[in-house]
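Engineer: Mind having a look at this structure? Questions to follow.
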Amino acid sequence: MIDPLWGVIVVIGIGTFLWRGAFLVFGGRLRLPDLVRRGLNYVPPAVFAALVMPGLIRFAEDGTLDGPRLAAGAVAALVAWRTHGTLSTLAAGMVVLWTLRAVT
């Protein structure tokens with residue numbers, strides 16, 4: 001006998017697919033108010049911050065903030081702001097992180 005949980009998972013998956021697909025199919029004809037469109041400009045930076053900040057603000061074993069991680073994040077943010085390059089941002093952040101971890 002098939003577990004009913006699989007049916008629930010399949011129904012939720014189909015619903016999610018249809019909900020997201022509707023925006024791709026009908027999004028061009030959808031007229032959003034100007035206030036909503038301006039507000040949607042802030043969604044990508046907010047999502048990015050929500051994904052990145054918990055990784056940067058992490059505590060060390062003794063309960064203090066992880067300084068090398070914060071410094072590497074600050075350097076990576078500066079490089080990203082100046083160069084707009086993904087690889088240079090990753091490289092700069094990782095070099096600073098590894099260097100500070102090796103020194104401390």
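Engineer: Treating the angle as unsigned and between 0 and 90°, give the value, to the nearest 10°, between the Cα long axis of helix 43-56 and the longest Cα principal axis of the chain.
Structural biologist: 40 degrees
Engineer: Pick from Gly27, Gly13, Gly67 the residue whose mean-square fluctuation is largest in a GNM of the chain, springs joining Cα atoms under 10 Å.
Structural biologist: Highest fluctuation among the options: Gly13.
Engineer: Okay, next question. Using Cα pairs under 8 angstrom and six or more residues apart, how large is the relative contact order of the chain, in percent? It would help to have the intermediate numbers written out before the result.
Structural biologist: Values: 42 pairs, mean separation 15.7, N = 104.
Value for the chain: 15 percent.
Engineer: In segment 14-104, what chymotrypsin sites (Phe, Trp or Tyr not before Pro) fall in a loop by DSSP, with at most 12 other Cβ atoms inside 10 Å?
Structural biologist: Working: sites: Phe17, Trp19, Phe23, Phe26, Tyr42, Phe48, Phe59, Trp81, Trp98; in loops: Tyr42.
Hits after loop and neighbour filter: Tyr42.
Engineer: A follow-up question, please. Calculate the radius of gyration of the Cα atoms of segment 56-104 to one decimal place, then report Dmax, the largest Cα-Cα distance, as a whole number, both in Å.
Structural biologist: Rg, Dmax (Cα atoms, Å): 11.4, 36.
Engineer: Work out the FRET efficiency for Asp3 and Phe26 from their Cβ-Cβ distance, taking R0 = 41 Å, and round it to the nearest 0.05.
Structural biologist: Calculated value: 0.75.
Engineer: Okay, moving on. Would you calculate a helix-derived [θ] at 222 nm for the chain, using -39,500 (n - 2.57) for each DSSP H run of n ≥ 4 and dividing by the full residue count, to the nearest 500? Provide the component values of the computation, followed by the final result.
Structural biologist: On the way: 5 runs with 79 residues, N = 104.
Rounded to the nearest 500, the figure is -25000 deg cm²/dmol.
Engineer: Further question: Test of understanding: given the chain, find the longest segment containing no trypsin sites (Lys or Arg not before Pro) that are in a DSSP loop and have at most 11 other Cβ atoms within 10 Å. Mind dumping the intermediate values first?
Structural biologist: On the way: sites that count: Arg29, Arg31, Arg58.
In the chain, the maximal stretch lacking such sites is 59-104.
Engineer: When Rg is the radius of gyration of the Cα atoms in segment 1-49 and Rh is its Kirkwood radius, what does Rg/Rh come to? Write down the numbers at each step before the final one.
Structural biologist: Working: Rg = 16.5 Å, Rh = 13.7 Å.
Reported Rg/Rh (Cα atoms, Kirkwood Rh): 1.21.
Engineer: For the chain, report the % of Cα-Cα distances exceeding 22 Å. It would help to have the intermediate numbers written out before the result.
Structural biologist: Numbers: 3140 of 5356 pairs.
The proportion of pairs with Cα distances above 22 Å equals 59 percent.
Engineer: Angle check, please: helix 4-26 long axis (alpha carbons) against the longest principal axis of the chain (alpha carbons), in degrees 0 to 90, nearest 10.
Structural biologist: So the helix axis and the longest Cα principal axis differ by about 90 degrees.
Engineer: Next up: What are the ³J(HN,Hα) couplings of segment 76-83, residue after residue, when phi is run through the Karplus curve with 6.51, -1.76, 1.60 and θ = phi - 60°? Round to Hz, x for glycine and proline.
Structural biologist: 4, 5, 5, 5, 5, 5, 7, 9
Only the coordinates and a few stated rules stand behind these numbers; no lab work does. In this text, all values refer to a predicted model and were calculated from it rather than measured experimentally. With ideal geometry, Cβ positions are generated from the backbone for all residues, glycine too; neighbour counts draw on all protein chains shown.
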